[in-house]
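Novice: Take a look at this one; I'll ask things after.
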Amino acid sequence: MKRPAVVVSQRCVGGRALLFFLLSSRILLLATLSAVASSASAGSFSVNPVRVEFSAQRSSTVLQVENTGNSEVTVEARTFAWGQPEGKDQLSATREVIVTPQVFRLKAGATQLLRIGALRKPDQFNELPYRLVLEEIPPPPAPDVKGLQVALRISIPVFLRPPVEAKDKIDVAIRSENDRQLRLIFANSGNASAALSNLSISEEESPDEVIAAHSGVTYVLAGQRRELILDSKRFNPDKKILIRARSPAGPVVIYAVSSTP
C-alpha cells in the first residue's frame, strides 16, 4: 500500500500549540520545530499492519506497535466510526469496534501487541468503515521550556466487510475553484471503499501534461463522496479530463465530468 501524505493540524493545549502529524503507515518523526526559545521532539513508533479488515469469519486481529525512538512513550488507542458528510472525513466515538489495551507505555525499542475486534455483525450489503487512532500522550513540559509540544498521531483504516461481494464504483466531477485550483468531487456508488493514491490529472488529448496531482491516499467510502482541492494549472472545462491513480488492486483510470458550482 502506498503511504498517504502527512496531514498537519494544530490545536492549543495548556496555552501551547500541539501539532499532530496524522499518518496511516510506518512513521519515523524527528521534530526540530522551534517557537520562541526551544523545542521538544516527539516520540516515534511504527504500527503493523496499516490496514485492518474484518468479516463474519474474522472479527478480531492483533496489531504490533513498536517504539522506534530513543525514549519511553505513552500511547492512547481509540476507535472511531468513520464517515464523509459534506465530502470531508469525520470521526465519531464508537463501541462497535474496540481495542485493548487503550493506554500503554513503551520503552525505547519495545513492542506492544494490541487486540482490536468488531462487536457488531457485518451489514448485509455494505462495507462499514472505522478508524483506529494511536496518539502519543506527551509528558508535561518542563517549567523552563518555551516552544512547541509535539506529539505523534497515527490513524489506521478499519473495515467490516459484508458477506456479499464488495466493490467500489467511482465517478468524479471536476471544476475550477479559481485560476490556480481545481475541485475534485469523488462519488462512490459501490458497496466498498476506494483507496486512490498518486492521483494525476490531465487532458485526454495531452496525457503527459499534468494539470494537477496528489501523492497521498484518498479514501472514498461506500455510498459517500469525498472532495479534494488541488493546486493546478488552468484547465479547459470543454476538454475531456483524465484521472490516473493507483489502488490496492492496481492502476485506475477515471474520466472526470466537468461541473458547475
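Values in this text are rule-based calculations from the coordinates and carry no lab data. This structure is a prediction, so every number in the text was calculated from the model and none was measured. Every residue, glycine among them, receives a Cβ derived from its backbone with ideal geometry; neighbour counts consider all protein chains shown.
Novice: What residues have an amide H closer than 5 Å to that of Glu177, excluding those fewer than 5 places away on the same chain, when H is modeled at 1.01 Å from N in the peptide plane?
Specialist: When sequence neighbours closer than 5 places are left aside, the close amide H contacts are Leu182, Arg183.
Novice: Residue separation times 0.36 nm, minus the C-alpha to C-alpha distance between Arg180 and Tyr255: what's the value?
Specialist: Contour length minus Cα-Cα distance gives 24.9 nm.
Novice: Same structure again: Please give the peptides 134-140, 102-108 ranked by average Cβ packing (other Cβ atoms within 10 Å per residue), highest first, as a rough proxy for protection.
Specialist: Listed from highest to lowest mean packing, they are 134-140, 102-108.
Novice: Using a ≥ b ≥ c from the Cα gyration tensor of the stretch 170-258 (square roots of the eigenvalues), is it rounded, prolate or oblate, where a/c under 1.5 gives rounded and otherwise the larger of a/b and b/c decides, a/b for prolate? Numbers along the way, then the final one.
Specialist: Numbers: a/c = 1.78, a/b = 1.51, b/c = 1.18.
It is prolate, given that a/c is not under 1.5 and a/b is the larger ratio.
Novice: Sticking with this structure for a sec: Out of residues 5 or more away from Ser193 or on other chains, whose amide H comes under 5 Å of its own, with H placed 1.01 Å from N in the peptide plane?
Specialist: It is Ala222, by chain and number.
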